[in-house]
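Below is one structure, written out as structure tokens; comments come after it.
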Amino acid sequence: MIKPDAVQDGNSGAILKMIEEAGFRIVALKKTQLSSERAGQFYEVHKERPFYGDLCRYMSSGPIFAAILEKDNAVADFRKLIGATNPTNAEEGTIRKKFAKSIEANAVHGSDSDENAEIEGSFFFSRFERF
Ligand code: GDP
């Protein structure tokens, strides 16, 4: 997902370019806006965390791009490409180092396992839209 801050700042194209140059194939891509409720469902695993309310507000504050990406070792390689959650800790050359504004408004989301990639892909796309 390209998050609201990055879309708002006009960085979507540059981020998609970095993703493609890193060898990912964009299987599906959609611009949409989450309601606060939908954002809450997406981040349900964080619902006990103190930042959950802020995260839902931020994630529903503007349009996002949702994408399904394909590559060998995609989950680990994408986590490497996006960098640490807190951009202060993100390595040079990562998407978050380049575009994230804060630990919350950190430009992109990446699934943390193959299983969650399947769940999160289905959150935004039907099988028909994917293929
Ligand atoms: P990720 O897998 O690197 O995206 O990180 P997490 O799964 O730990 O957190 C999900 C998202 O919640 C992050 O990408 C941030 O947008 C937000 N987030 C994480 N930690 C914090 C925090 O301490 N404060 C705030 N405000 N947001 C946070």
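The values are calculated or read from the model by the stated rules, or taken from the named source; none is laboratory data. Note that the structure is a prediction, hence the values are computed from the model and not measured. Neighbour counts are summed over all protein chains in view; Cβ atoms, including those assigned to glycine, are modelled from backbone coordinates with ideal geometry. What goes into the accessible areas is simple: the full protein's heavy atoms, side chains included, and nothing from ligands, DNA or RNA. Shrake-Rupley method; radii C 1.70, N 1.55, O 1.52, S 1.80 Å.
List of remarks:
- Estimated distance in nm for a label pair at S122 and E44, the labels positioned 7 Å out from Cα along Cα-to-Cβ: 1.2
- Straight-line cross-link partners of K47 among the aspartates and glutamates, defined as a Cα under 18 Å from its Cα and at least 8 positions apart when in the same chain: E37, E104, D112, E120.
- In this structure, the pairs whose alpha-carbon distance is over 21 Å, taken from K17/K71; K17/K98; K30/K101; K17/K101; K31/K80, are K30/K101; K31/K80.
- Apportionment of accessible area to carbon and sulfur, the range 1-96, percent (1.4 Å): 47
- Largest to smallest principal axis extent of the C-alpha atoms in the chain, angstrom: 37, 35, 26
- The accessible-area ordering, largest first, of the residues D72, D5, D77 stands as D72, D77, D5, per a 1.4 angstrom probe.
- Scanning residues 5 or more positions from L69 or on other chains, those with amide H under 5 Å from its amide H are V27, with H placed 1.01 Å from N in the peptide plane.
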